[in-house]
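Report on the following structure.
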Amino acid sequence: MGRHLQKVQNLHDWVSELSDAVRDEVISSFVDRNLIAGEFLYRQGDPAESCFQVTEGRIKVCNTNFAGQELVHTYLLKGDCVGDWSLLIDEPRMNYAVACGVSAVSVLRKSDFMHLYMKHAEIPRAISRVMARRLRLIFMLTEDASLLPLRERLARAVIRTAHALGEKGEDGSVTIENISHDELAKMVGATRPSVGRELKKLEREGAIRIQYGKLIISNFAAFGAQYDHLLSVEPVTPDYD
């Protein structure tokens, strides 16, 4: 029997797992970097020379198949870390990361990262905890992709996006702004027209409303209860509250 979605703190943020003193030392080694909309944080195949923590805006982590179709693995918000895997295994970037609008990151160079990693035993422990949470998320997304029809995959992607980006209304609704049909299609590995058809069905049923670039979930609690417990792996999403 499926399980209900769980919001997890620091799902992508190992820096916040550290003690105050060690966290301050890590932060003091960061260098700020600003990105414009559409700018690559890194490209697939680039050498792994740094890891990053998002400080403003939104970063999407993606891959592209040979036909040029983009798959969005995840969106990262303020506090989320990315790029650490490649440093640990000393291999080129396995995906690419792009700024969604004006964004900013803190950059930790590889030499500084490895120095701190070897100096403080709590850093490997913190990263291991975050990696385990990410692996749990990957299992959930793999089950979604392998076992669920498009409608259910899409609904669960909308729920996760609402938790990360949505604005709660007093009437129990949640409004997601600046999320296009194309972006949702890339999140669930489907075509834009097929996602558009499923969204229209959900709209006709009264579950959602689409207006002026917004996606509004009319009754978020009921919508979540219907879709977030379909599989055996416990669904998780970052907790940004």
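The values are calculated or read from the model by the stated rules, or taken from the named source; none is laboratory data. Model, not experiment: these values are computed from the prediction. Cβ placement follows ideal geometry from the backbone for every residue including glycine, while neighbour counts extend to all protein chains displayed. Surface accessibility is based on the protein's heavy atoms, side chains included, excluding ligands, DNA and RNA. Shrake-Rupley method; radii C 1.70, N 1.55, O 1.52, S 1.80 Å.
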Checked the range 78-120 for anything in contact with a helix residue (DSSP H, G or I) (Cβ under 6 Å, 6 or more places away or on another chain), open to solvent by 20 Å² or more (accessible area, probe 1.4 Å) and not in a loop (DSSP other than H, G, I, E, B); matches are Lys110, Tyr117
Quick check on my filter: what residues within the range 165-174 are out of contact with any Ser or Thr (no Cβ under 7 Å at 6 or more places or on another chain) and not charged (D, E, K, R)? Leu165, Gly172, Val174
Read through the list (1) under 17 Å from Ala222 (Cβ atoms); (2) within 15 Å of the chain's Cα centre (by Cα); (3) open to solvent by 70 Å² or more (accessible area, probe 1.4 Å), then give the number of the only condition that Arg160 fails. (3)
Where Ala126 falls short, out of the listed (1) modelled with pLDDT of 95 or more; (2) within 14 Å of the chain's Cα centre (by Cα): (2)
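Looking only at the range 59-71, count how many residues are closer than 14 Å to Lys186 by Cβ and at pLDDT 90 or above.
Taking the range 59-71 and keeping what is closer than 14 Å to Lys186 by Cβ, we get 60-65, 67-71.
Narrowing the set further to residues that are at pLDDT 90 or above leaves 60-63.
Summing the residues that are closer than 14 Å to Lys186 by Cβ and at pLDDT 90 or above in the range 59-71 gives 4.
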Scan the range 26-61 for residues that are out of contact with any Asp or Glu (no Cβ under 6 Å at 6 or more places or on another chain), farther than 15 Å from Ala97 by Cβ and open to solvent by less than 50 Å² (accessible area, probe 1.4 Å) and jot them down. Val26, Phe30
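It is to be established whether one or more residues within the range 161-183 are touching a Gly at 6+ places or on another chain (Cβ under 7 Å), within 29 Å of Arg133 (Cα to Cα), in a helix (DSSP H, G or I) and not aliphatic (A, V, I, L, M).
Here is the first cut: in the range 161-183, the ones touching a Gly at 6+ places or on another chain (Cβ under 7 Å) are 174-178, 181.
Narrowing further to those that are within 29 Å of Arg133 (Cα to Cα): 174-178, 181.
Imposing the further condition that a residue be in a helix (DSSP H, G or I) reduces the set to 181.
Now drop any that are not not aliphatic (A, V, I, L, M), which leaves 181.
So far as the range 161-183 goes, yes, one or more of its residues are touching a Gly at 6+ places or on another chain (Cβ under 7 Å), within 29 Å of Arg133 (Cα to Cα), in a helix (DSSP H, G or I) and not aliphatic (A, V, I, L, M).
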Cβ-Cβ below 8 Å, separation at least six or inter-chain, first residue in the range 101-114 and aromatic (Phe, Trp, Tyr), second surrounded by 19 or more Cβ atoms within 10 Å (Cβ to Cβ): which pairs? Phe113/Ser50; Phe113/Cys51; Phe113/Asp84; Phe113/Leu87
State which residue is surrounded by the most Cβ atoms within 10 Å (Cβ to Cβ) when the search covers only the range 193-232 and only residues that are among the acidic types (Asp, Glu) and over 19 Å from Asp144 (Cβ atoms). Glu203
Quick one: which of Asp228, Asp239, Asp182 is of a type in the set (Asp, Glu), in contact (Cβ under 8 Å) with a residue 40 or more places away in the chain and within 23 Å of Cys100 (Cβ to Cβ)? Asp239
Please go through (1) within 29 Å of Val22 (Cα to Cα); (2) at pLDDT 90 or above for Thr74 and return the number of the only condition it doesn't satisfy. (2)
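What residue, among those in the range 62-74 that are open to solvent by 30 Å² or more (accessible area, probe 1.4 Å) and touching a helix residue (DSSP H, G or I) at 6+ places or on another chain (Cβ under 7 Å), is nearest to Tyr117 (Cα to Cα)? Talk me through it step by step, then tell me what you get.
First, the residues of the range 62-74 that are open to solvent by 30 Å² or more (accessible area, probe 1.4 Å): 63-71, 73-74.
Subset that is touching a helix residue (DSSP H, G or I) at 6+ places or on another chain (Cβ under 7 Å): 70-71.
Numbers: Glu70: 33, Leu71: 31 Å.
That would be Leu71.
Checking the condition at positive phi, surrounded by 14 or more Cβ atoms within 10 Å (Cβ to Cβ) and in contact (Cβ under 8 Å) with a residue 40 or more places away in the chain, which residue from Gly172, Gly189 passes? Show your work before the answer.
Details: Gly172 fails: surrounded by 14 or more Cβ atoms within 10 Å (Cβ to Cβ).
Within the list Gly172, Gly189, the selection yields Gly189.
Determine if the range 131-148 includes at least one residue that is assigned to a helix (DSSP H, G or I), among the aromatic types (Phe, Trp, Tyr) and touching a residue at least 24 places away in the same chain (Cβ under 8 Å). Can you show your working first?
Of all residues in the range 131-148, those assigned to a helix (DSSP H, G or I) come to 131-147.
Narrowing further to those that are among the aromatic types (Phe, Trp, Tyr): 139.
From what's left, touching a residue at least 24 places away in the same chain (Cβ under 8 Å): 139.
Taking every residue of the range 131-148 in turn, at least one turns out to be assigned to a helix (DSSP H, G or I), among the aromatic types (Phe, Trp, Tyr) and touching a residue at least 24 places away in the same chain (Cβ under 8 Å).
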Show the residue pairs meeting these rules: Cβ distance below 7 Å; 6+ apart or different chains; first residue within the range 151-163 and touching a residue at least 60 places away in the same chain (Cβ under 8 Å); second residue buried (at least 21 other Cβ atoms within 10 Å of the Cβ) and among the small types (Gly, Ala, Ser). Ile159/Gly224
